[in-house]
Amino acid sequence: MQLSDFDIDLFLRDYWQKKPLLIRNPWNDWRNPLEPDELAGLACEEGVETRLIVQSGGSWALEHGPFPEDRFGNLGAAPWTLLVQAVDHYAPDVAALLDPFRFIPNWRIDDVMVSYASDGGGVGPHFDQYDVFLIQGLGKRRWRVGQRCDDSTPLRPHADLRLLADFEATGDWVLEQGDILYVPPGFAHDGVAVGEDCMTYSIGFRAPSRHDLMVEWTEHLVADMADDDRYADPDLTRAVHSGEIAPAAIDRLHAMAIEKLLDRDAFARWFGQHSSMPKYAEADWRPEEPVTVAEMQALAEEGAVLLRNPASRFAFLREADGVLLFADGNAFPCRSVAAALAERICAQDHIVLDPSLSDAIELLAALVNQGSLMADDEEED
Ligand code: SIN
Ligand code: CO
């Protein structure tokens, strides 16, 4: 699925991470992929991350879900909005909204958040740390985009909502169904529903902070370091001054500290596994009985279809003799037929099997058994 009249190279060159862009309905035939009732149903489920924001006067009150089923009938006239995270994990038609944005690598994609708002509802003026495409699904929303913000930008007192103290609008549009607003990280934005039944789909990206990257990479490195791997100085000579930490000692200590950090190949393997860990563990597709290699072979011969778990994350690293596939935190070295299959799995939401895949049967069985793929006819089980 491609957006019409949308020049990907031009977008990446002039807008991505640089400035906001309004894209008037680029879909061939926009259809809202989720009913408001279905969204409300998800917001009542355990394990789904959801928030409700109710406005009264000039202030915003935040509640976290799951919500009781009668909560949305009791909201009164005050403008409100419901926000549900990772709806793509539960609704395949919502997951399909990601397809036109696959020109951005999988590992940068976070999830699709869906909001529903009553007339006048919204989350208030704020900025995010991530790029986002805001797709107007149903109804209308007025979006204002403003100044660039950072950690020193003044906020209003309500710490959870991180609302901006000031807003200087540089763009102001009413989005209708199918319209898309791209907002780069750090730009102030404020969306207010115009009329009832306003639904917005946020295609959200992720970008690791240096802090998290360093903490998580070093946590991984230290996990298997031995206690007897220590500083040693069998070549020690008489100290010039007993108080001095000699330059040679600092050189040796510094080398000890950074040696493993500099292993780029080990970093690449760790990052592939780490970044493919699922965000939420709820959508568990593991079969009750593990599938055997022989059963998988039979499925390949029948031309069965395997679906990709929408909550699973897939990516690969190219290597000299194939690819290293990452799926849900595990790594699979793949050669020849399996390498080509691994690339297909990363690019498609389903795989049509055929007998030529017999050299990749073990890979397929492993992916089914860890719940990353599932045979189509089992989906409803
Ligand atoms: C919304 O859908 O109302 C909020 C999306 C956002 O501003 O990031
Ligand atoms: Co936002």
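The values are calculated or read from the model by the stated rules, or taken from the named source; none is laboratory data. No experiment lies behind these values; they were computed from the predicted model shown. Cβ atoms come from the backbone with ideal geometry, glycine included; neighbour counts cover every protein chain shown. Surface areas here come from the heavy atoms of the whole protein model, side chains and all, with no ligands, DNA or RNA. Shrake-Rupley method; radii C 1.70, N 1.55, O 1.52, S 1.80 Å.
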Dividing the mean separation of Cα pairs under 8 Å (6+ apart) by the residue count of the stretch 1-110 yields a relative contact order in percent of 25
Could you go through the stretch 14-19 in sequence order and give the Karplus-derived ³J(HN,Hα) for each residue, using 6.51 cos²θ - 1.76 cosθ + 1.60 with θ = phi - 60°, rounded to whole Hz, and x for Gly and Pro?
9, 10, 3, 6, 10, 8
Which shape class, rounded, prolate or oblate, goes with the stretch 162-315 when its Cα gyration tensor gives a ≥ b ≥ c as root eigenvalues, a/c under 1.5 marks rounded, and past that a/b bigger than b/c marks prolate?
oblate
Residue separation between Leu236 and Arg142 times 0.36 nm, minus their alpha-carbon distance, gives in nm 26.7 nm
Lys and Arg at +1, Asp and Glu at -1: neighbours of Leu363 with Cβ under 13 Å from its Cβ sum to -1
Put a dot 7 Å past each Cα toward the Cβ at Phe6 and Ala268; how far apart are the dots in nm?
3.1
State, in angstrom, two size descriptors of the stretch 8-205 derived from its alpha carbons: Rg to one decimal place and Dmax to the nearest whole number.
16.1, 48
Scanning the chain for helices, which whole DSSP H stretches are 15 Å or more long along the axis (Cα) and average 0.0 or more by Kyte-Doolittle?
247-258, 336-347
Please compute the per residue accessible area over the stretch 293-380 with all protein chains in place, 1.4 Å probe, rounded to a whole number of Å².
44
With Cα springs under 10 Å, the Gaussian network model of the chain assigns the largest mean-square fluctuation among Ala223, Ala340, Ala248 to Ala248
Grab the other residues whose beta carbon is less than 15 angstrom from that of Ala339, score K and R as +1, D and E as -1, and report the net.
-2
To the nearest 0.05, the calculated FRET efficiency linking Thr218 and Ala283 through their beta-carbon distance, R0 being 41 Å, is 0.85
Among Trp27, Gly243, Gln17, the residue whose Cα sits farthest towards the positive end of the charge dipole of the chain (+1 at Cβ of Lys and Arg, -1 at Cβ of Asp and Glu, taken about the Cα centre) is Gly243
Extension reserve of the Ser59-Glu244 stretch, reckoned as 0.36 nm per residue once the Cα distance is removed:
60.7 nm
Positive-end extreme of charge dipole, the chain - chosen from Tyr280, Val132, Cys334 (charges on Cβ):
Val132
Of the accessible area of the chain, computed with a 1.4 Å probe and all protein chains kept, carbon and sulfur make up a percent value of 51
Check Ala304: other-chain or 5+ apart residues with amide H under 5 Å from its amide H, H built from backbone geometry?
Leu353
Measuring from its Cα centre, the stretch 187-230 shows a charge dipole (+1 at each Lys and Arg Cβ, -1 at each Asp and Glu Cβ) which, in debye to the nearest 20, is 260
Under a 5 Å amide H to amide H cut-off, with H placed in plane at 1.01 Å, what residues pair with Phe205 once short-range neighbours are removed?
Asp110, Asp131
Report the calculated FRET efficiency for Val194 and Ser152 (r = Cβ-Cβ distance, R0 = 25 Å), to the nearest 0.05.
0.15
Taking the Cα centre of the chain as origin, sum charge times position over the Cβ atoms of Lys and Arg (+1) and Asp and Glu (-1), and report the length of that vector in debye to the nearest 20.
1840
Which value does Rg/Rh take for the stretch 293-380 over its C-alpha atoms, Rh per Kirkwood?
0.93
Using just the alpha carbons, could you tell me how many Å³ per residue the convex hull of the chain encloses?
215
Hand me the GluC sites (Glu not before Pro) from the stretch 182-225 located in a DSSP loop with no more than 10 other Cβ atoms within 10 Å, in residue order please.
none
Cut-off 10 angstrom, C-alpha nodes, Gaussian network model of the chain. Which of Glu35, Glu69, Glu49 fluctuates the most?
Glu69
Share of Cα-Cα pairs in the stretch 15-63 beyond 15 Å, in percent?
72
Just add up the charged neighbours of Met199: K/R +1, D/E -1, any other residue whose Cβ is under 10 Å from the Cβ of Met199.
-1
Computed about the Cα centre, the charge dipole of the stretch 317-367 from +1 Lys/Arg and -1 Asp/Glu charges at the Cβ has a magnitude in debye, to the nearest 20, of 80
